[in-house]
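The structure appears right after this line, and notes come after that.
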Amino acid sequence: MVFQFPSVKFDLDIIKKYNTATPRYTSYPPATELSESFTPKDFESAISISNHRKTPLSLYFHIPFCESACYYCGCNTIISEKKEIAIPYVEHLVKEIQQTASLIDSDRKVVQMHWGGGTPNYLKVHQVKKLWGNINQYFNLDASSEVSIEINPTSVDREYILFLREIGFNRISFGIQDFNYQVQVAVNRVQPEEMLFNVMEWIREAGFKSVNVDLIYGLPFQTLHGFWKTIKKTIALNPDRIAVFNFAYVPWLKPLQKKLPVDALPKPQEKLEIFQLTIEELTANHYQFIGMDHFAKADDELAIAQSNGSLGRTFQGYTTHAETELFGFGSTSVSLLRDAYAQNHKKLKDYYQAVKAGTLPINKGFKLSWDDILRRDVIMCIMSGKTLRFSDIEEKYQINFREYFCQELATLKSVEADGLIKLSPNQIEVTEIGRLLVRNVAVLFDSRKNTQQNKFSRAI
């Protein structure tokens, strides 16, 4: 089967060929490489070195709580209807902010901030105000910062949306997954269509600069025709960005997925057809393909960044601020510095204990080698759909690209033959089709690709 995207023929047999388990490369090395041998003291040293670079900052705050469980979810969440559970969490989060900020040069500007989860709007208004106030007290937020938050539309009202915008959030994201009621029931996430359109109306009324919605394909009871209806309704909703994620059924990693009716999952062929349909419909309706599973309107900052070559990638996905170093706060949060990664404790009791003791709540991390940093630059350039110019890497790292990566370049011949890249003596250009399977191109530069493959989802 062959389809047009948007003007290039692409054989679905090629998609099947490359539908293998690979990292999503929101970092390199992937988070699976983090080790408990990396200590809070190691991270303190990394922060000290980071201060000398004076790079701008990106902040992430993890709110892990949800009132109910979505059976497809792969995030680190805590399910509780008793919202009192968030009271000590906010208190410890504030203490962590104070502890970490004391180690960071106060002159460094924060140009990007994101609250994720879980469900950030699980927090009450006064808790959001408290957290926001402490962030502004201890960090230097740039006036033009991107400040985004994820919400669950089933537990938010107009006043809360208006409050979020008034306090300073200017970007917002929420999950739809699928408009079909049968699918929603199967995944335990029922969201009436009227409610979703009301939430979008409140967001537009509040004046948010950018709205992202998430869809997932591969869920139980999804069909080609049914998902076509979801795409049409999503387009009518008119978000600025649309993320269309491939559902990874990994019950051995996420036991909650065992609640899903496995016999109702779409067959691989239908899943590919849903993927095909999604691309055709969104690109035909003026959404630019950013890469892998992300789409944005042509005037959106992501699309502009892709066009001018400044698009980057972090644990938060595609970003317009690739120049930043990321500090994560809250349980399970990940920090990404130039030469070190660190992840906080997952269990609340461990996270609380570390914060109370006055130490950074680091559970594990990773110190990057020179080769890791070099390969990360190459991989992230490819993941962002840019043209990888050998001279740029050679000038930055003082190497001969063709000699250093001679084995990798040899393996690229096969993906070039399949149309994923254009390989020339001085550069690698990811094709429009290659951006669909960009993980399969990037993995060829991954020196750790043979470890823990069972930890990764399939490319499509």
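The values are calculated or read from the model by the stated rules, or taken from the named source; none is laboratory data. Model, not experiment: these values are computed from the prediction. Using ideal geometry, Cβ is built from the backbone for each residue, glycine included, and neighbour counts are taken over all protein chains shown. Side chains included, ligands, DNA and RNA excluded: accessible areas come from the protein's heavy atoms. Shrake-Rupley method; radii C 1.70, N 1.55, O 1.52, S 1.80 Å.
Of all DSSP beta bridges in the chain, what percent run antiparallel (nearest 5)?
On the way: 31 of 67 bridges.
Bridges in the chain that DSSP calls antiparallel: roughly 45 percent.
Only one of the listed values, (i) 0.97; (ii) 1.11; (iii) 0.94, was derived from the coordinates as Rg/Rh (Cα atoms, Kirkwood Rh); which label is it?
After the calculation, the listed value that fits is (iii).
What does the highest-first list of 418-427, 401-410, 385-394 look like by mean Cβ count within 10 Å?
Taking the mean over residues of other Cβ atoms within 10 Å, the ranking is 385-394, 418-427, 401-410.
For K422, list the aspartates and glutamates whose Cα falls under 20 Å from its own Cα; do not include residues on the same chain fewer than 8 positions away.
Answer for K422, where 20 Å is the Cα cut-off: D11, D13, D377, D392, E394, E403, E408, E432, D446, listed by chain and number.
Find the accessible area per residue for the range 26-326; the probe is 1.4 Å, ligands and nucleic acids are left out, and the unit is Å².
I get 41 Å² per residue for this part.
Report the far tail of the P(r) of the range 204-243, meaning the percent of Cα-Cα pairs longer than 13 Å. Mind showing how you got there, number by number?
Values: 453 of 780 pairs.
Result for the distance tail: 58 percent.
Given points 7 Å out from each Cα along the Cα-Cβ axis, report the S310 to V125 separation in nanometres with one decimal.
3.6
On the protein heavy atoms, probe 1.4 angstrom, tell me the percent of accessible surface of the chain carried by carbon and sulfur.
Of the solvent-accessible surface of the chain, carbon and sulfur hold 51 percent.
What's the ranking of 339-349, 430-440 by average number of surrounding C-beta atoms within 10 Å, highest first?
Result, highest mean first: 430-440, 339-349.
For the pair S144/S447, report the inter-label distance in nm, with labels modelled 7 Å from Cα in the Cβ direction.
For the pair S144/S447, the computed spacing is 3.8 nm.
From the P(r) of the range 92-199, could you give the percentage of C-alpha pairs in the tail past 17 Å?
60
Between beta-carbons, use under 12 Å as the cut-off and find the net charge around D42, counting Lys and Arg +1, Asp and Glu -1.
0
Within the set K254/K349; K16/K386; K109/K209; K258/K297; K124/K258; K82/K233, which residue pairs have Cα atoms separated by over 26 Å?
Listed pairs above 26 Å: K258/K297; K124/K258; K82/K233.
Can you give the FRET efficiency to the nearest 0.05 for A410 and N76, using r as the Cβ-Cβ distance and R₀ = 45 Å?
It comes to 0.70.
Hydropathy first: keep DSSP H helices in the chain averaging at least -0.5 on Kyte-Doolittle, then drop any whose Cα extent along the axis falls short of 15 Å, and list what survives. Working shown, then result.
On the way: long enough: 40-53 (20 Å, -0.89); 86-101 (22 Å, 0.01); 125-138 (20 Å, -0.78); 193-206 (20 Å, -0.14); 224-237 (20 Å, 0.26); 268-284 (24 Å, -0.17); 370-383 (20 Å, 0.53); 406-417 (18 Å, 0.17).
Those that clear 15 Å and a mean of -0.5 are 86-101, 193-206, 224-237, 268-284, 370-383, 406-417.
Determine the relative contact order of the range 26-326: mean sequence separation of Cα pairs under 8 Å and six or more apart, normalised by residue count, in whole percent.
On the way: 453 pairs, mean separation 53.9, N = 301.
Once normalised by length, the contact order is 18 percent.
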